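Undergrad: Structure incoming, see below.
The values are calculated or read from the model by the stated rules, or taken from the named source; none is laboratory data. Note that this is a predicted model, so its numbers are computed, not measured. Reconstructed Cβ throughout: ideal geometry from the backbone, glycine too, with neighbour counts over all protein chains shown. Calculation scope for accessible area: heavy atoms of the full protein, side chains included, ligands and nucleic acids excluded. Shrake-Rupley method; radii C 1.70, N 1.55, O 1.52, S 1.80 Å.
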Amino acid sequence: MREDDHMEKIDIKTLQRMQIETLKEVDRICGKNSITYYFIGGSLIGAVRHKGFIPWDDDIDIAMMRPDYEKFTEICKEELSEKYFLQTYETDRFFYQSMARICILGTFIDEKYSEHLKFNKSVYFDIFPLDKIPEDKEEQKKHANAIRRIDKLIFLKSCYIYDRGFLNYKLIGKKIVQKILNPISFPFLMDKREKIIRQFEDSNSELVCSTASRYSYEKQIHEASRFGKPYYMDFEGEKYPAPADWEGYLKQLYGDYMKLPPEEKRKPEHDAYFL
């Protein structure tokens, strides 16, 4: 589905307003049910550097400790506004991420790498669970490798599309592997991944990791206390929760988080449309 299908493209300012409306719905549910969440990633950079969105950013990312995440996704089944769809691998059988999305119904987001997959492709708001991981370095390596192995299978099963490779040889090779993996369902693979990432949730570990992040396992290891009691920051005229040690979080992930990227990279990541 492309722009020439007579869909109306959503401009960046409208998209940001829609994300704020979604944030307010998430914040309403969290406030009502004593659920703690935190701004992370580019949304946190935006709060620190711009007191709102990074000007070219078109989505919002938040995180929750696993118990709050489980509570939130369960409550959403009853309390989430009908304007939205809660997307997890359990509510959308073709979804391949160990995280949740609040999808804005009546919209479409164009992402070429997944255009062949059948999951809901509305404009989305990301919610990442923070899971306990082992404190022992060797156990961390084993855990990270186990996640990478299951992610490789999910990656091959999904057969991501990229515009590179002589005569699309990479795509052709992946399609062959995809056929081999055809009898194995996404829910089966996602159940396996969920068991792996949650295997330390009853431990006394003081470390957490966002294993669904685009960043590496190792880069995402944080002391749970780094999140702690939320520190409220200005974001588009309201105050929203950030990690207690937001500066340590940002330095670990981005280094000099106040430095602007090159001009050619200051553009929205997605093309979004009204249906």
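Undergrad: Figure the gain on full extension for E135 and R17 (residue separation times 0.36 nm, minus the Cα-Cα span) and round it to one decimal in nm.
TA: Values: separation 118, 0.36 × 118 = 42.48 nm, distance 4.06 nm.
So the chain would gain 38.4 nm between E135 and R17.
Undergrad: How high is the FRET efficiency between D271 and N120 when r is their beta carbon distance and R₀ equals 25 Å, given to the nearest 0.05?
TA: On the way: r = 17 Å, r/R0 = 0.67.
Step by step, r from the Cβ atoms, then E = 0.90.
Undergrad: While we're on this one: For the chain, what is the mean residue ellipticity at 222 nm derived from helices alone (per DSSP H run of n ≥ 4: -39500 (n - 2.57); sum divided by total residues; nearest 500 deg cm²/dmol)? Mind showing how you got there, number by number?
TA: Details: 7 runs with 100 residues, N = 275.
It lands at -12000 deg cm²/dmol.
Undergrad: A further question follows. Can you tell me what share of the DSSP beta bridges in the stretch 19-146 is antiparallel? A percent to the nearest 5 is fine. Working shown, then result.
TA: Numbers: 11 of 16 bridges.
Restricted to the stretch 19-146, the bridges split so that about 70 percent are antiparallel.
Undergrad: Any idea what % of Cα-Cα pairs in the stretch 1-155 are farther than 19 Å?
TA: Values: 7254 of 11935 pairs.
The share of Cα pairs beyond 19 Å in the stretch 1-155 comes to 61 percent.
Undergrad: Among A63, M258, L156, whose Cα projects farthest towards the positive end of the dipole of the chain, with charges put on the beta-carbon of Lys, Arg (+1) and Asp, Glu (-1)?
TA: L156
Undergrad: While we're on this one: In the full protein assembly as shown, how much of T91 is accessible to a 1.4 Å probe, in Å² to the nearest 10?
TA: Using a 1.4 Å probe on the heavy atoms, I get roughly 60 Å².
Undergrad: May I ask which of K121/K229; K219/K267; K51/K152; K24/K141 have a Cα-Cα span longer than 31 Å here?
TA: Numbers: K121/K229 34 Å; K219/K267 25 Å; K51/K152 38 Å; K24/K141 38 Å.
Result: K121/K229; K51/K152; K24/K141 exceed 31 Å.
Undergrad: Any idea which of Y217, Q19, L189 is furthest toward the positive side of the dipole for the chain, if Lys and Arg beta-carbons carry +1 and Asp and Glu beta-carbons -1?
TA: Of the options given, the answer is L189.
Undergrad: If r is the Cβ-Cβ distance from A244 to K179 and R0 is 51 Å, what FRET efficiency results, to the nearest 0.05? Walk me through the numbers before you get to the answer.
TA: Values: r = 48 Å, r/R0 = 0.95.
Computed FRET efficiency for A244 and K179: 0.60.
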